[in-house]
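Trainee: This structure is in structure tokens; I'll ask about it shortly.
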Amino acid sequence: MAENGKNLDISPILEPMTINRLEIKNRIAMAPMNCNYTDPEHYMSRQQMAYYGARAKGGTGLIITEAQAVSEHPVADTYRKYNNPYLTSYKYLPTQSNFVEHVHSFGAKIFAQLFTGPGRQGSNDLGAADIVSASPIPWEQFPDKMINGAGYKHLKAAARLAGYHGEVPHPSEYEAFIKFIQGIPYLHACGATPREITKQEIRALVKDMGKGARIAKMAGYDGIEVHACHGYLVHTFLLERSNERKDEYGGGFENRIRFMLELIRSARKAVGPDYPVGVRFSASDDLPGGYAPDVAAKIAKRCAEEGADYISLSDGSYEAMSDFLPNQEGQVVDKAAIVKAAVKIPVICPSVHDPQNVVDVLRNNKADMVQQGRQQICDPDWVNKVINRQFDDIIKCTRCNRGCIFRFIAMLPVRCIRNPRTGQEEFIEEYMKRPILPIKQKVWQEAHDLTEENPSEIWEYTEQEFKEAVEL
Ligand SMILES: Cc1cc2nc3c(=O)[nH]c(=O)nc-3n(C[C@H](O)[C@H](O)[C@H](O)COP(=O)(O)O)c2cc1C
């Protein structure tokens, strides 16, 4: 960054924004990232509370949670099934609500990302059902699109982490490399042919999306996001490459986006008009039979017409890991600008880590908000450091993928090689100790509207008691 950001005008980052009726205090979101911290029974863990709490404490305006399962239908439950938080049943409400309160107490807004399953990128290991997809077409590795930034040496290290002790072929020996990947059981069934998902199963998932959205709203999340990117089930419907269906979910553009729109509709129906509902999809799928950013713009337009309140962009899929996890700063910015030009609702651009670049994206109107993934893993205090102009103190993510994605793939809790505190937040008092907040005034207001009682009359503590409670 020029002159260590001495003259950088950071005001575009700090400008509040509105999604639906929700005000967000600044333009930085934490991108959804599954970090393998979830309790084995799918409840939010103490570590998750502390980890997300740390990012909220660090000034991040909007936190979007990792993918949370909305369905326990066997076709959805093939995602290394022990790691996602669940919003599939009311039994998760108390823990989810406590988790949301924790994040709120540090001043951030929080959306839940809702997931209908990994499709053909799932795994039938660990007792899960067989994998399904739009059509019975396996996913492949494309040698030019493999994960980058780490090198062969680190791939070998990652394989060891994943419990594999044999020879690791170089990716240039493609056949041998694929065989090696397939030899690691839970590595997302690369090359295995999925079964075509039935219409009945699609309907079950659409219904479960609504239920998940309702549970998220009840838990206190400020909004929800439908997950439709990265080569998972919904994404496979969008592509000509992976969708050869003959029914109303395959064929032309309108048919291929039908499932995605049905999910948005179902979520909206469950949460009502005043509650933020967004959708995340890849800004491109840069492989044969994929789609270019101008098609992403068309998808965004249709989502907006369906009632989505914002578009959160990502890129690529497991077949194009180098797009999914960009190795270049700003790799998705121009694609985001194409999408933004097509819609009036806010567009969130991923993978911009440098303060100067974030300002440029916002000032040049290429996106309304920036979401950071690995940079937030690396430094929870990015926003506060920018506010305090401590640009040199930002712990910069090197996009090496070693502590985060490689450990994630190996089913280990995510860490960061640049920040030893990452992944250990539950042992750091400042992230567990929370400012005590009263239950939401809004809830009382709603009760008041419904019962015509005066909220001040049902308030149970005196002003003094209240003040003492909220002081740390
Ligand atoms: C460990 C890890 C887990 C991720 N999990 C999710 C997820 O649950 N949902 C999702 O939409 N994206 C997921 N992503 C993708 C990120 O949201 C983000 O788009 C990607 O890391 C690129 O942004 P970055 O360069 O700022 O990291 C994950 C990324 C990482 C590193």
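Every read-out reported here was derived from the displayed coordinates using simple, explicitly stated rules and does not represent laboratory data. None of these values were measured; they are calculated from a predicted model. Cβ placement follows ideal geometry from the backbone for every residue including glycine, while neighbour counts extend to all protein chains displayed.
Trainee: Note down the nm distance, to one decimal, between modelled labels 7 Å out along Cα→Cβ at Ile417 and at Gln328.
Mentor: About 2.3 nm, to one decimal.
Trainee: Rounded to the nearest 0.05, what FRET efficiency do Arg203 and Leu14 have when you use their Cβ-Cβ distance and R0 = 41 Å?
Mentor: Using R0 = 41 Å, I get an efficiency of 0.40.
Trainee: Could you give the length gained on full extension between Ser89 and Asn124, defined as 0.36 nm per residue of separation minus the Cα-Cα distance, in nm?
Mentor: Contour length minus Cα-Cα distance gives 10.3 nm.
Trainee: Looking at the stretch 378-414, which trypsin sites (Lys or Arg not before Pro) are in a loop (DSSP not H, G, I, E or B) and have at most 14 other Cβ atoms within 10 Å?
Mentor: Details: sites: Lys385, Arg389, Lys396, Arg399, Arg402, Arg407; in loops: Arg389, Lys396, Arg399, Arg402.
Passing sites in the stretch 378-414 are Arg389, Lys396.
Trainee: Another question, if that's okay. Express the relative contact order of the chain as a whole percentage, based on alpha carbon pairs under 8 Å and six or more residues apart in sequence.
Mentor: 19
Trainee: Follow-up question, since we're still on this one. Students often forget the sequence filter, so: which lysines lie under 20 Å Cα-Cα from Lys156 once same-chain residues fewer than 8 apart are removed?
Mentor: Candidates past the 8-residue exclusion: Lys145, Lys179.
Trainee: Rounded to the nearest 0.05, what FRET efficiency do Glu430 and Met146 give with R0 = 56 Å and r taken as the Cβ-Cβ distance? Could you check?
Mentor: The calculated FRET efficiency here is 0.90.
Trainee: Would you work out which of Leu161, Phe115, Leu93 lies farthest towards the positive end of the dipole of the stretch 93-238, given +1 charges on the beta-carbon of Lys and Arg and -1 on that of Asp and Glu, about the Cα centre?
Mentor: Leu93
Trainee: Determine the dipole magnitude for the chain: charges of +1 sit on the beta-carbon of Lys and Arg, -1 on that of Asp and Glu, nothing else is charged, the reference point is the Cα centre, and the result goes in debye to the nearest 20.
Mentor: It comes to approximately 760 debye.
Trainee: A further question on this structure: Extension gain Lys301-Thr398, at 0.36 nm per residue separation less the Cα-Cα distance, in nm? Before the final figure, lay out each step's value.
Mentor: Working: separation 97, 0.36 × 97 = 34.92 nm, distance 3.42 nm.
Computed gain between Lys301 and Thr398 is 31.5 nm.
Trainee: Residues in the stretch 193-233, backbone N under 19 Å from the label point at Glu240 (7 Å along the Cα-to-beta-carbon vector): list them, ranges by number please.
Mentor: Taking a point 7 Å out along Cα→Cβ of Glu240, the residues of the stretch 193-233 whose backbone N falls under 19 Å are 231.
Trainee: Compute from the Cα atoms of the chain the Rg and the Dmax, the latter being the longest Cα-Cα distance, and quote both in angstrom.
Mentor: Cα radius of gyration and Dmax of the chain are 21.7, 73 Å respectively.
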